[in-house]
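Engineer: Encoded as structure tokens, here's the structure I'll be asking about.
The values are calculated or read from the model by the stated rules, or taken from the named source; none is laboratory data. As the structure is a computational prediction, the values presented were derived from the model and not from experiment. So basically every Cβ, Gly included, is an ideal-geometry build from the backbone, and we count neighbours across all protein chains shown.
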Amino acid sequence: MFSLGDATLLVFESFKCFTYVKILIDLWVVVMVEIKKENFLVIGKTENVEIDVDTFLCKGCGICVELCPRKVFEWSKELSERGVHYPVPAHADKCVRCKLCELLCPDFAMAVRW
Ligand code: SF4
Ligand code: SF4
């Protein structure tokens, strides 16, 4: 017969199991973020602003390159893992932090912070 003690034990064990899985997922996310930083981020940085381009997400559509009012971006010479040229924030010092590139990027590949 299934007693209250068994039920409590079952809940406790399930909770422990859930906690272990959660810890594993958190560790996995941390590792993936570090790998991503190393391999897929192009960073333009000045005292005032940091512009990150995620080359894994970028599809090379050129919206940011064309619409940046300060012409901050240049095209990469090499291809990304996706086989496209991607924007490089070569003139990050000209950025006026309008965030237009971040807002207009259809693939969420751009991040502007300060
Ligand atoms: S925040 Fe504005 S000025 Fe800066 S890179 Fe993006 S579009 Fe250009
Ligand atoms: S708008 Fe986004 S997807 Fe298009 S080139 Fe720029 S970063 Fe890449």
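Engineer: Can you spot a residue in the stretch 89-106 that is more than 19 Å from the chain's Cα centre (by Cα), under 15 Å from LYS45 (Cα atoms) and more than 10 Å from ligand 1 (Cβ to nearest atom)?
Structural biologist: Yes, because at least one residue in the stretch 89-106 is more than 19 Å from the chain's Cα centre (by Cα), under 15 Å from LYS45 (Cα atoms) and more than 10 Å from ligand 1 (Cβ to nearest atom).
Engineer: Criterion first (touching a residue at least 40 places away in the same chain (Cβ under 8 Å), more than 15 Å from ligand 1 (Cβ to nearest atom) and aliphatic (A, V, I, L, M)) does LEU57 satisfy it? First the steps, then the outcome.
Structural biologist: On the way: touching a residue at least 40 places away in the same chain (Cβ under 8 Å): yes; more than 15 Å from ligand 1 (Cβ to nearest atom): yes; aliphatic (A, V, I, L, M): yes.
Here the answer is yes, as LEU57 does meet what is asked.
Engineer: Then there is this: So ALA111 clears everything in (1) more than 11 Å from ligand 1 (Cβ to nearest atom); (2) in contact (Cβ under 8 Å) with a residue 60 or more places away in the chain except one condition, right? Which one?
Structural biologist: (1)
Engineer: Here's a follow-up. Residues of the stretch 51-97 being surrounded by fewer than 19 Cβ atoms within 10 Å (Cβ to Cβ) and of a type in the set (A, V, I, L, M), which ones?
Structural biologist: Hits for the stretch 51-97 are LEU57, ILE63, VAL65, LEU67, LEU79, VAL84, ALA90, VAL96.
Engineer: Considering each of VAL84, VAL49 in turn, give the residue that is in contact with a Gly (Cβ under 7 Å, 6 or more places away or on another chain) and either more than 9 Å from ligand 2 (Cβ to nearest atom) or over 17 Å from LEU100 (Cα atoms) (or both). Steps first, please.
Structural biologist: Numbers: VAL49 fails: in contact with a Gly (Cβ under 7 Å, 6 or more places away or on another chain).
Answer to the check: VAL84.
Engineer: Can you tell me which residues in the stretch 68-114 are out of contact with any helix residue (DSSP H, G or I) (no Cβ under 8 Å at 6 or more places or on another chain) and aromatic (Phe, Trp, Tyr)?
Structural biologist: TYR86, PHE108, TRP114
Engineer: With the structure loaded, tell me whether ILE43 is surrounded by 15 or more Cβ atoms within 10 Å (Cβ to Cβ), within 16 Å of ligand 1 (Cβ to nearest atom) and either modelled with pLDDT under 95 or closer than 15 Å to VAL112 by Cβ (or both) or whether it fails that test. I'd like the intermediate steps shown before the answer.
Structural biologist: Details: surrounded by 15 or more Cβ atoms within 10 Å (Cβ to Cβ): no; within 16 Å of ligand 1 (Cβ to nearest atom): yes; either modelled with pLDDT under 95 or closer than 15 Å to VAL112 by Cβ (or both): yes.
So ILE43 does not fit the description; no.
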